[in-house]
């Protein structure tokens, strides 16, 4: 199952503001299914990498404490229009997600 | 005008009506009817919050806090519930077994229709909300109806379906005598004291609007009907009638329940008061 990543990038001078919303259940492993009473198995994003033009600008190691559908927002210097911003993640089950977009012109 | 209810309820209502007249200084003549009620409400809040444009009442309690409003604007730039709206769009577009879709049940494919709801249906002798219209669409096409008050499918579907009417001015009509009776029944609930706290909707949302209770700013009556469902903290979907239920619990009264006649009438009344204000579906609220 593909889990979409929604990305918005804004360029101001040479600073790119990158925002992303990642669809992921981020199960803590402690929650019980209300119907069956069974524990919902642990399922969370372990590693997340954001790259600008192929060069990693943000690497994160996450745990199950991160909320459902995680949202990240950060700024990175040295960006220019048409650079490619890409996001990749891998979770504890080995599922992967990927998305990329171009930096729009400043304005 | 024959509002249902007890003598005590009527007395309270007319007392509040008299208070309103006293506050707004309007003459009691030519004072009867939904449009007069709406004008009185607008006057009441323009005195309470001078300088706030009418259109801004869609922001509810945020009219008194520029900070809360700025946070809201920032969240709405990229709201966390986009995935839910996508899920709602898939439901809206998924054909029924007979090949038709929700869009076929509404004029203009469902665009700019939500603001005409709720409306009074003479054959049913009932107020029909937008959620009821969605369910009627299912039943007309031989599909099982959705349960009211559930996050999925009803909540998520209505969250998307209402976005198709974004920007449409609320346009609720009260035309016949019987429609008027439903409107008055809703109005009666709004001004009636209920529950262990002996509170009325109007007590907080008119007279204490903009003040702080339980660490939250109380929203004004005006504009209450324009922006449902809300995603509280970006996550918890709450419909208009879900909000009624929650308010009732906080008043320590037994809620009337989703799609009850009382709530539909109350929604009819409140929606009329928001007439002319632009709809904006699926918004963030604290």
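Worth pointing out:
- Every residue from the stretch A:12-32 that is closer than 19 Å to residue A:82 by Cα and either surrounded by 19 or more Cβ atoms within 10 Å (Cβ to Cβ) or facing chain B (nearest Cβ under 10 Å) (or both): A:16, A:18, A:19, A:20
- Residue B:83 free of Cβ contacts under 8 Å to residues at least 24 places away in the same chain and either under 18 Å from residue B:239 (Cα atoms) or within 14 Å of chain A (Cβ to nearest Cβ) (or both): yes
- Candidates are the residues of the stretch B:59-80 that are part of a loop (DSSP other than H, G, I, E, B) and within 14 Å of chain A (Cβ to nearest Cβ); the one that is nearest to residue A:8 (Cα to Cα) is B:78.
- Scanning the stretch B:224-256 for residues that are at pLDDT 95 or above and at positive phi yields one hit, B:252.
- Filter result for residue A:3 (in contact with a strand residue (DSSP E or B) (Cβ under 7 Å, 6 or more places away or on another chain), within 13 Å of another protein chain (Cβ to nearest Cβ), under 24 Å from residue B:87 (Cβ atoms) and in contact (Cβ under 8 Å) with a residue 24 or more places away in the chain): yes
- Sole exception among (1) surrounded by 14 or more Cβ atoms within 10 Å (Cβ to Cβ); (2) more than 14 Å from every other protein chain (Cβ to nearest Cβ); (3) outside any loop (DSSP other than H, G, I, E, B) for residue A:56, by number: (1)
- Scanning the stretch B:88-102 for residues that are within 14 Å of chain A (Cβ to nearest Cβ) and buried (at least 17 other Cβ atoms within 10 Å of the Cβ) yields one hit, B:89.
- Some residue of the stretch A:42-51 being in contact (Cβ under 8 Å) with a residue 60 or more places away in the chain, away from chain B (no Cβ under 14 Å), closer than 26 Å to residue B:75 by Cβ and surrounded by 12 or more Cβ atoms within 10 Å (Cβ to Cβ): no
- Any chance residue A:75 is farther than 19 Å from residue B:235 by Cβ and touching a helix residue (DSSP H, G or I) at 6+ places or on another chain (Cβ under 9 Å): no
- Restricting B:241, B:262 to residues that are farther than 18 Å from residue B:197 by Cβ, surrounded by fewer than 19 Cβ atoms within 10 Å (Cβ to Cβ), under 15 Å from the mean Cα position of the chain (by Cα) and away from chain A (no Cβ under 14 Å) narrows the list to B:262.
- Scoring residue B:91 on the criteria (1) under 30 Å from residue A:3 (Cα atoms); (2) in a loop (DSSP other than H, G, I, E, B); (3) touching a residue at least 12 places away in the same chain (Cβ under 8 Å) leaves a single failure, condition (2).
- In the stretch B:266-281, the count of residues that are under 23 Å from residue B:173 (Cα atoms) and at pLDDT below 95 is one or more.
- Yes/no for residue A:38 being over 25 Å from residue B:79 (Cβ atoms), in contact with a strand residue (DSSP E or B) (Cβ under 6 Å, 6 or more places away or on another chain) and loosely packed, with under 14 Cβ neighbours inside 10 Å: no
To keep it simple, each residue is scored yes or no on (1) modelled with pLDDT under 95; (2) within 27 Å of residue B:238 (Cβ to Cβ); (3) more than 24 Å from the chain's Cα centre (by Cα).
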residue	(1), (2), (3)
B:36	no, no, no
B:44	no, yes, no
B:76	yes, yes, no
B:94	no, yes, yes
B:114	no, yes, no
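- Every residue from the stretch A:83-99 that is closer than 30 Å to residue A:28 by Cβ, without any contact (Cβ under 8 Å) to a residue 60 or more places away in the chain and in a strand (DSSP E or B): A:86, A:88, A:90, A:96
- The residues of the stretch B:219-238 that are buried (at least 19 other Cβ atoms within 10 Å of the Cβ) and part of a strand (DSSP E or B), listed by number, are B:230, B:231, B:237.
The values are calculated or read from the model by the stated rules, or taken from the named source; none is laboratory data. Predicted model only: the values in this text are computed from it and were never measured. Every residue, glycine as well, gets a Cβ built from its backbone with ideal geometry; the counts of neighbours run over all protein chains shown.
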